[in-house]
Structures are given as C-alpha cells and as structure tokens.
Amino acid sequence: MKVTGLNRRHLVNYVTAVFASMMFSVATHAEHPANQVSADAKVFIVEPADGAIVPATFTVKFGASNVDIVPAGVVQENAGHHHLLIDVDELPALNAPLPATNQIIHFGKAQTETEITLAPGTHSLQLVLGNFAHVPHATPVISKKITITVEE
C-alpha cells in the first residue's frame, strides 16, 4: 500500500510520537540501568575556577569521576553526557529530557570542553549529567555552581 499526502504525514507523526513515547518511558524509568549511576559519581567544572575573571570568549573544561562520559543515544549503566547550564537560577525538571536552549547547552557527542562567549558581567556555570535521552539520572549528578566574571 502506498501512503501519500496527509495520510503519510499522519503515519510519520504517529510513528514518531510512539517512538518518542517509548524512549521517554525508558528514559524516565528509575529502575532502568541507563538511569543508574554510582553513588560517588561526580561532574565538575575544571576550568575556569570559581571566581575567575575571564575574557568574553573562553574555554570551559568539564570533569567527571566515577562515571563514564559517552555520547547521547548510548544506553549504558553508570554513564551519561554533559549539559552546561549558564545563568540558570532554578534547575530544570530533573525527571524529563533537559531542554536545549541558550542557557542549557547539550554536549551529546561526549565533549569534555567547549568555548563560549558571554557578555561582560557576572555569570554562573553548572553541569548536569544526562542519560542517553538527555534525562538526568534517577539520582541526579549535578556540579557545584560556579560564578565567573567576564571582563569588559
């Protein structure tokens, strides 16, 4: 049977919705191995240091201990990838995929550093580890929030 026009679009939308629902269900199920991390898993910002004064464009280096950093889509216990929160006052929902915004940057290729450009002034930086589907783990792994000052 050939599907065309609206029927085909509805079918594609339906299949996409079913797949997304399955992924979300697996991603948020606390018992799923991909949502489990070691009790001593940590993420942290290696550079810049808390309180640093930096130029407008600078490198942020991410660190992790007792957890594997893997690309998004890799379903693995005790593993995930970084999300950098910039000037986020309240953490986003930790039981759903982290949104990709100008303030929540995804590093789904398992990157461990990035170069960013910020306006002059005081800014905060923080890391949240996400599982294969960008959902924080059952026990969220969140870094200390640091404050930096961007030079004028």
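The values are calculated or read from the model by the stated rules, or taken from the named source; none is laboratory data. Note that this is a predicted model, so its numbers are computed, not measured. FYI the Cβ positions are ideal-geometry reconstructions off the backbone, even for glycines, and counts take in every protein chain you see.
One table, with the values for the structure above:
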quantity: Condition check for residue 131: of a type in the set (S, T, N, Q), surrounded by 15 or more Cβ atoms within 10 Å (Cβ to Cβ) and touching a helix residue (DSSP H, G or I) at 6+ places or on another chain (Cβ under 8 Å); calculated: yes
quantity: Residue ID - surrounded by the most Cβ atoms within 10 Å (Cβ to Cβ), chosen from residues in region 134-152 that are of a type in the set (Val, Ile, Thr) and more than 15 Å from residue 63 (Cβ to Cβ); calculated: 135
quantity: Complete set of residues in region 136-152 that are out of contact with any Leu (no Cβ under 6 Å at 6 or more places or on another chain), under 15 Å from residue 85 (Cα atoms) and part of a strand (DSSP E or B); calculated: 142, 147, 148
quantity: Count - residues of region 84-128 that are touching a helix residue (DSSP H, G or I) at 6+ places or on another chain (Cβ under 8 Å) and surrounded by fewer than 16 Cβ atoms within 10 Å (Cβ to Cβ); calculated: 2
quantity: Single match in 133, 110, 64 (criterion: at positive phi and either assigned to a loop (DSSP other than H, G, I, E, B) or touching a residue at least 60 places away in the same chain (Cβ under 8 Å) (or both)); calculated: 110
quantity: Residue under evaluation residue 81, criteria (1) assigned to a loop (DSSP other than H, G, I, E, B); (2) at pLDDT 95 or above, criterion not met; calculated: (1)
quantity: Residue count for region 29-60, restricted to those that are modelled with pLDDT under 95, small (Gly, Ala, Ser) and either on the phi > 0 side of the Ramachandran plot or part of a loop (DSSP other than H, G, I, E, B) (or both); calculated: 3
quantity: Selection count, region 68-80, where residues are crowded, with 18+ Cβ neighbours inside 10 Å and farther than 19 Å from residue 114 by Cβ; calculated: 1
